[in-house]
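Asker: One structure, as structure tokens, below. Some questions next.
Here, each number is a calculation from the coordinates, and none is a lab measurement. Small disclaimer: the values here were computed from a predicted structure and weren't measured. Cβ coordinates were reconstructed from backbone atoms using ideal geometry, including for glycine residues, and neighbour counts include every protein chain displayed.
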Amino acid sequence: MSNPFFINKGPFNISVLLKLLNSKTKIEKEQEIGDIKDLVSAETNCITFFHSKKYQDLAKKTKASYCITTDNFKEYLPSQCKSIIVENVLIATSLITAKFYPNSVEDEFDNSVNNIEKTEFSKTVNFGKNVLIGNKVKIGSNSLIGHNTIIEKNVQIGNNCKIGSNVIVRNSIIKDNVTILDNCVIGKKGFGFFPKSNENLRYPHIGIVIINENCEIGCGATIDRGSMSNTEIGKNTFLDNQIHIAHNVKVGENTIIAGQVGIAGSSIIGNNVKIGGQAGISGHLRIGDNVDIAGGSGVIKSIPNNSKVMGYPAKNLREFLKESR
Amino acid sequence: MSNPFFINKGPFNISVLLKLLNSKTKIEKEQEIGDIKDLVSAETNCITFFHSKKYQDLAKKTKASYCITTDNFKEYLPSQCKSIIVENVLIATSLITAKFYPNSVEDEFDNSVNNIEKTEFSKTVNFGKNVLIGNKVKIGSNSLIGHNTIIEKNVQIGNNCKIGSNVIVRNSIIKDNVTILDNCVIGKKGFGFFPKSNENLRYPHIGIVIINENCEIGCGATIDRGSMSNTEIGKNTFLDNQIHIAHNVKVGENTIIAGQVGIAGSSIIGNNVKIGGQAGISGHLRIGDNVDIAGGSGVIKSIPNNSKVMGYPAKNLREFLKESR
Amino acid sequence: MSNPFFINKGPFNISVLLKLLNSKTKIEKEQEIGDIKDLVSAETNCITFFHSKKYQDLAKKTKASYCITTDNFKEYLPSQCKSIIVENVLIATSLITAKFYPNSVEDEFDNSVNNIEKTEFSKTVNFGKNVLIGNKVKIGSNSLIGHNTIIEKNVQIGNNCKIGSNVIVRNSIIKDNVTILDNCVIGKKGFGFFPKSNENLRYPHIGIVIINENCEIGCGATIDRGSMSNTEIGKNTFLDNQIHIAHNVKVGENTIIAGQVGIAGSSIIGNNVKIGGQAGISGHLRIGDNVDIAGGSGVIKSIPNNSKVMGYPAKNLREFLKESR
């Protein structure tokens, strides 16, 4: 994933990064580190991270100069890549990512915004009262933006979009013909952090939200941006009111989601799925194509294509109805 | 139902309407069609629709000049009423309704609004900052409207009402002594459309929302307007926070609904009903008077008067508690 | 509980208060009554109330001049304390409380607010557009307030706080390092009233909301203030989006609550508790420390420390999973 929005505050000297981690790793000479990337996309002068054995083959080939890892994984790294041994790779990675992308940790309000009347969109967009637009926003032709709506910096909105009133959009790409109803908050950071006594450690969210063509997002939706990947809604998918889509979730195309549904972090929903009102889907699941999930269901396991489920925990629809007679 | 708000863009020549439906129905002479109405209320020069055999007796007596229907129903129509044969009566009806009432399909923000200070209400209403009021709004005496609230065109608000901050009201009639708390969205279109691959077809919502005397609506509620009938909340009914009331729902009088409850489209809730927090009620059900629905219940069948239910699916309260020991 | 915010409109002559209750209690001489307080904190010249036998020992020692009670409890009162006999002690108490603290019944928007640019905070707070600040607000150093946010009168906000956009805060104390995300409504009155045919009777909410250090409150949360005690969120507790916390609830420290959870009135949640998405907790329960409540659970009984529960009604986690295979 390449993120178009968050500004890289690097490079930083490797000694600065090591100090941030309280690391005693010895360095032979000072070096500028330009970015933090995953094992595959890291280039020389990058720092990377390696926290699970399943990535050992990728680790062997990384081009990074430095790698955050643990003592038992360091042997997999190639010779040009120096290991930085830490207790918790994810926490250390989080600290370094926050150093490079400090704006991805918190959602401080965008103080670059101006009233739309003072921007280039004053003649190309049909807008309401008190609309605020941040720096470097793009908005296509024939789009509408309702009253009191805030489009924060860097957001891209396509053609023929209808954005309601009291909406907040940040860190997002909205494609053509998308409707977003009143009171939505799109693109805020997800609910991801390392719990620590006295002061939880928030990790960066460098993913964005992508809403594809012809979607409709109901009133009061919250669609959080991803942490290390994007949150994405497929084409022609319709969401009813008061829905919560957590970080890193992918929803397929032509999917219909009724009111008050919640989808927890990193779950993947297929195409042509129907989800009834108030259903909940746990994190890290995979829901296949053409799945029907009855209203009120609590889904705690992945579901294969073409299934109909109901219940809490959700099971085969017929079985559930038979048992609950 | 007569809708006071949506403007009829007709009349249209029958040839224009037939073309819109890609219909090959032959007409003897051109005729102006003034409105689309149901079988009963349609007059001559109206177009109507007939999609289910249960309406055959009404069909026989309709005064409409044209009727959208299917091949096997056309025989019931009286001789002055010409049939327009289509594959899907509801989709065709939706297209014609949208032609007459284009503003009932989408909820484009009301660009007729002005700051309340510039309206007739500047002296009769007690209002906050940045309050916006649309054309032809009526507001009774001794009412309050909080900061950043938007009362879109045509809305009627009674006496002694208290509207909170950040509220959006459209297509609604609010009777006397009603309290609407912060962040509510009242009167937007419901979640009704015909699913179509690549581009769902939204159908018109020509119903409104009526909130009767002495009601209280909690923070963040969404109460959607009806598609072909009104959404209505009876007198002295209180709603807690974050409640979703879908299109065409009728809630009775003296009913109490706790936080985060959702009621799906077209269900009818009686008088003196109590609904516990997070309960969900499926669409097209009838919940009797004096019913108690326990918090968290998922109601998927109609419930007779004077019942107490709990569970998912909701069943007799005692039975549920006994089984779940 | 001493409430710092609601203004006491007293004193009132005892004859005025008796008239309000339609009481025929005879008084020997007129007396000014300064406040209504509970049995323990009432001083001479106060009115108090006594509605349950479990408070009989406290009643015997009250210093109040008058006490609202019933015929069978009056004998417990000390001689200096005159009884006012009523049918329903709580309704009568509510009427008298509303007399002393009329602003605690309704949440009328604060018309004391000004644009922050016109206040003392124009130089000490980093703020967005259209921020409104009421009278007697306190805001510490290094805090942020986003666009369109309303901080009503009397609210106290600590140092290093981050308040998002479109937020409404009233009757609340926000401690240091607290983050409140967009669209929250903090400190409104709870859903508490006496149901009456034709016109429910709202009772006063003289409690406030206290959010302690290092908390994060997700988008769209509603945290209602208490009726006779405070609603309080402990240190370093994190709430995800669309959560509802009802009046008088106490949440402990280091607790994590996922999206769309609802906690009903007066429940007490311990420290280090984890509550999964969409779980609901009934009112007046006590959830111990270190409890894990699985997503979607419906908790209707108190839960001891160190338990893991799941289901509706929630039971031991292992038992639930075994039964639902």
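Asker: Scan around residue B:251 for amide H atoms under 5 Å from its own, H built in the peptide plane at 1.01 Å from N, and keep only partners 5 or more places away or cross-chain.
Answerer: Correct list: B:232, B:233, B:234, B:269.
Asker: I would also like to ask the following. About its Cα centre, what dipole magnitude does the range B:224-325 give when the only charges are +1 on Lys and Arg Cβ and -1 on Asp and Glu Cβ, stated in debye to the nearest 20? Provide the component values of the computation, followed by the final result.
Answerer: Details: 11 positive and 8 negative charges, 56 e Å.
For this selection, approximately 260 debye.
Asker: Order of A:284, C:51, C:247 from fewest to most other C-beta atoms within 10 Å? Don't skip to the answer; put the middle values down first.
Answerer: On the way: A:284 11, C:51 16, C:247 25.
By the 10 Å Cβ count, ascending, the order reads A:284, C:51, C:247.
Asker: Restricting to bridges with both residues inside the protein assembly as shown, how much of the DSSP beta-bridge set is antiparallel, in percent to the nearest 5? Walk me through the numbers before you get to the answer.
Answerer: On the way: 27 of 207 bridges.
Looking only at bridges with both residues in the protein assembly as shown, the antiparallel portion is about 15 percent.
Asker: Quick one: dipole size for chain C, taken about the Cα centre, charges +1 on Lys/Arg Cβ and -1 on Asp/Glu Cβ, in debye to the nearest 20.
Answerer: Working: 38 positive and 30 negative charges, 103 e Å.
The calculation lands at about 500 debye.
Asker: Considering amide H positions built from the backbone, and no H for Pro or chain starts, which residues 5 or more places from residue A:217, or on another chain, come under 5 Å of its amide H?
Answerer: Amide H neighbours of residue A:217, under 5 Å, 5+ apart: A:179, A:180, A:181, A:239.
Asker: Quantify how strongly other chains surround peptide B:272-278 by giving the mean number of their Cβ atoms within 10 Å of each of its Cβ atoms.
Answerer: Numbers: counts 2, 0, 1, 0, 6, 12, 15.
Per-residue shielding by partner chains comes out at 5.
Asker: How far, in nm to one decimal, is residue A:57 from itself in the other copies if the label point is set 7 angstrom along Cα toward Cβ? Shortest first, please.
Answerer: 7.2, 7.3
Asker: Exposure proxy check: A:319, A:30, B:152 ranked by fewest other beta carbons within 10 Å?
Answerer: Numbers: A:319 12, A:30 9, B:152 27.
Least to most surrounded, the residues fall as A:30, A:319, B:152.
Asker: Each residue of the range C:64-80 in order: what ³J(HN,Hα) in whole Hz does its phi give by Karplus 6.51 cos²θ - 1.76 cosθ + 1.60, θ = phi - 60°, with x for Gly and Pro?
Answerer: Calculated HN-Hα couplings, in order: 4, 7, 9, 9, 7, 7, 10, 4, 7, 9, 4, 5, 7, 6, x, 5, 6 Hz.
Asker: Two decimals, Cα atoms only, Kirkwood Rh: what is Rg/Rh over the range C:128-227?
Answerer: Values: Rg = 14.4 Å, Rh = 13.8 Å.
Radius of gyration relative to Kirkwood radius: 1.04.
Asker: If you find the alpha carbon centre of the range C:119-167 and of the range A:87-135, how far apart are they in angstrom?
Answerer: So the separation of the two Cα centres works out to 19 Å.
Asker: Okay, moving on. Taking the Cα centre of the range A:139-245 as the origin and placing charges on Cβ (Lys, Arg +1; Asp, Glu -1), which of A:156, A:242, A:218 is farthest toward the positive end of the dipole?
Answerer: Toward the positive end, the furthest listed residue is A:156.
Asker: For peptide B:30-39, how many partner chain Cβ atoms fall within 10 Å of a residue's Cβ, on average? Before the final figure, lay out each step's value.
Answerer: Details: counts 0, 0, 0, 0, 0, 0, 0, 0, 0, 0.
What the average comes to for B:30-39 is 0.
Asker: Now for a separate question. Under a plain spin-label model, where a point goes 7 Å from the Cα along Cα-to-Cβ, how far apart in nm are residue A:20 and residue A:141?
Answerer: 4.5
Asker: Could you list log10 I(q)/I(0) for the range B:182-325 at q = 0.10, 0.11, 0.17 Å⁻¹, which the Debye formula gives when each Cα is one point scatterer?
Answerer: Each listed q corresponds, in turn, to -0.33, -0.40, -0.87.
Asker: Can you list residues from other chains, or at least 5 along the same chain, whose modelled amide H is less than 5 Å from the amide H of residue C:31?
Answerer: Counting only residues 5 or more places away or on other chains, the set is C:14, C:15.
Asker: Quick one: what Rg and Dmax do you get for the protein assembly as shown from the alpha carbons, in Å?
Answerer: That works out to 29.8, 98 Å for Rg and Dmax.
Asker: I need the Debye-formula profile for the range C:1-130: one equal scatterer per C-alpha, no solvent, reported as log10 I(q)/I(0) at q = 0.13 1/Å, two decimals.
Answerer: Here the Debye-derived log intensity ratios amount to -0.58.
Asker: Taking N as the number of residues in chain C, what is its alpha-carbon radius of gyration divided by 2.2 N^0.38 Å? The partial results should precede the final answer.
Answerer: Working: Rg = 22.0 Å, N = 325, 2.2 N^0.38 = 19.8 Å.
Rounded to two decimals, the normalised Rg is 1.11.
Asker: Per DSSP helix of 4 or more residues, -39500 (n - 2.57); summed, then divided by the residues of chain A. What does that give at 222 nm, rounded to the nearest 500?
Answerer: That comes out to -2500 deg cm²/dmol.
Asker: For the Cα atoms of chain C, what angle does the longest principal axis make with the long axis of helix C:89-100, in degrees from 0 to 90, nearest 10?
Answerer: Here the helix axis deviates by roughly 80 degrees.
Asker: Between residue B:61 and residue A:194, what's the calculated FRET efficiency when r is the beta-carbon distance and R0 is 60 Å? Round to 0.05. Can you show the working numbers first?
Answerer: Values: r = 71 Å, r/R0 = 1.18.
FRET efficiency, residue B:61 to residue A:194: 0.25.
Asker: Next up: A 22 angstrom limit on the alpha carbon distance is what I want to check against. Which of A:123/B:189; C:138/C:235; B:26/B:54 exceed it? Show your work: numbers first, answer last.
Answerer: Numbers: A:123/B:189 28 Å; C:138/C:235 20 Å; B:26/B:54 28 Å.
Violating the 22 Å Cα-Cα cut-off are A:123/B:189; B:26/B:54.
Asker: Remind me, relative contact order of the range A:1-137 in percent, using alpha carbon pairs under 8 angstrom and six or more residues apart? Kindly include the intermediate steps, with their values, before the conclusion.
Answerer: Values: 205 pairs, mean separation 26.3, N = 137.
Relative contact order comes out at 19 percent.
Asker: Another question, if that's okay. Taking R0 as 25 Å, what FRET efficiency do you get between residue C:124 and residue A:111 from their Cβ-Cβ distance, rounded to the nearest 0.05?
Answerer: Values: r = 16 Å, r/R0 = 0.62.
Rounded to the nearest 0.05, the efficiency is 0.95.
Asker: Please compute, for peptide B:148-160, the average count of beta-carbon atoms on other protein chains lying within 10 Å of each residue's beta-carbon. Before the final figure, lay out each step's value.
Answerer: Numbers: counts 14, 2, 8, 0, 2, 0, 0, 0, 0, 0, 0, 0, 0.
Partner Cβ neighbours, averaged per residue: 2.
Asker: Could you tell me which of C:90, C:255, A:304 has its Cα farthest along the dipole of the protein assembly as shown towards the positive end, charges placed at Cβ (Lys, Arg +1; Asp, Glu -1), taken about the Cα centre?
Answerer: The listed residue farthest towards the positive side: A:304.
Asker: By DSSP, what percent of the beta bridges with both residues in chain B are antiparallel, rounded to the nearest 5?
Answerer: On the way: 9 of 69 bridges.
In chain B, approximately 15 percent of DSSP beta bridges are antiparallel ones.
Asker: What are the label-to-label distances in nm, one decimal and shortest first, from residue B:122 to the same spot in the other copies, with labels 7 Å along Cα to Cβ?
Answerer: Distances between equivalent label points, in nm: 2.4, 2.4.
Asker: Can you tally the net charge around residue C:42? Count Lys and Arg as +1, Asp and Glu as -1, for every other residue whose Cβ sits under 10 Å from the Cβ of residue C:42.
Answerer: Numbers: positive: C:37, C:63; negative: C:35, C:38, C:43.
The answer is -1.
Asker: Taking θ as phi - 60°, what are the ³J(HN,Hα) couplings along the range A:21-36 by the Karplus curve (6.51, -1.76, 1.60), each to the nearest whole Hz, with x for Gly and Pro?
Answerer: Along the range A:21-36, the couplings run 8, 6, 8, 9, 3, 8, 10, 7, 9, 4, 8, 7, 9, x, 6, 10 Hz.
Asker: What order do you get for C:54-62, A:36-44 when each peptide is scored by the mean count of other beta carbon atoms within 10 Å, highest first?
Answerer: Details: C:54-62: 15.2, A:36-44: 17.4.
Answer by packing, highest mean first, reads A:36-44, C:54-62.
Asker: Output wanted: per-residue J couplings in Hz (rounded whole) for the range C:231-241, from phi through Karplus 6.51 cos²θ - 1.76 cosθ + 1.60, θ = phi - 60°, x for Gly and Pro.
Answerer: With coefficients 6.51, -1.76 and 1.60, one gets 9, 9, 10, x, 4, 6, 9, 10, 10, 7, 6 Hz.
Asker: Dipole of the protein assembly as shown (Lys/Arg Cβ +1, Asp/Glu Cβ -1, origin at the Cα centre): which of A:174, B:39, C:294 lies farthest to the positive side?
Answerer: Ranked along the dipole, the leading option is C:294.
Asker: What are the distances, in nm and sorted shortest first, from the label point of residue C:91 to the label points of the same position in each other copy, with each label point placed 7 Å from Cα along the Cα-to-Cβ direction?
Answerer: Between copies, matching label points for residue C:91 lie 5.8, 5.8 nm apart.
Asker: Just to be sure I understand: of the beta bridges DSSP finds with both ends in the range B:170-325, what percent are antiparallel, rounded to 5? Please report the intermediate quantities before stating the final value.
Answerer: Details: 5 of 40 bridges.
Bridges in the range B:170-325 are about 10 percent antiparallel.
Asker: Follow-up question, since we're still on this one. With charges set only on the Cβ (+1 for Lys and Arg, -1 for Asp and Glu), what does the dipole of the protein assembly as shown come to about its Cα centre, in debye to the nearest 20?
Answerer: Numbers: 114 positive and 90 negative charges, 238 e Å.
The calculation lands at about 1140 debye.
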